[in-house]
Amino acid sequence: MSKFVIDKVEGGYLFRLLSGAARVICTSVVYTKLVACVQAIENFRKGAKCVDDLTVTDSKVKICRGHRAAKKAAPHSKFEVISDAQGGFKFRFIAAYGQVIAASHRYLSKNDCLRGIAIVKESARWAPIETPNATC
């Protein structure tokens, strides 16, 4: 079973979403307050139905499944697939207000990256939150 782990780090708090095998799926940005980190997890849990593929050079490809808000002007949360300098792929979760909440590790293929997003969508919703090193 996946879980969120919040850790105190220099400058504040961050969360990691761990798989059932205790592998890091993605890591958040650093939040100055614990409550902000928990709120970010709640935003992350709400998820996103859209995936913007930013690896296509001629145009941005948007993959939306059952999400009508994507066609409206109102902002919405989304996953973005990006490529790195070494030819790998990563995803990041962007909140409706435009801030990057979390980013994944490097995947060797785009299909693996998209599977990572699917795992996040399935598991994050019910994943418990642990705070072993975070204090209020």
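Here are some conditions: (1) modelled with pLDDT of 95 or more; (2) closer than 21 Å to Leu108 by Cβ; (3) over 12 Å from the mean Cα position of the chain (by Cα). Val5 meets all but one. Which one does it not meet? It fails just one condition, (2).
Filtered by the rule that a residue be over 10 Å from the mean Cα position of the chain (by Cα) and of a type in the set (Val, Ile, Thr), the stretch 84-136 gives Ile119, Ile129, Thr131, Thr135. Restricting attention to the stretch 30-73, the residues being modelled with pLDDT of 75 or more, more than 30 Å from Gly12 (Cα to Cα) and not in a loop (DSSP other than H, G, I, E, B) number 1. The criterion of being within 13 Å of the chain's Cα centre (by Cα), exposed (fewer than 12 other Cβ atoms within 10 Å of the Cβ) and at pLDDT below 95 does not hold for Glu80.
The values are calculated or read from the model by the stated rules, or taken from the named source; none is laboratory data. Since this is a predicted model, take the numbers as computed values, not measurements. So basically every Cβ, Gly included, is an ideal-geometry build from the backbone, and we count neighbours across all protein chains shown.
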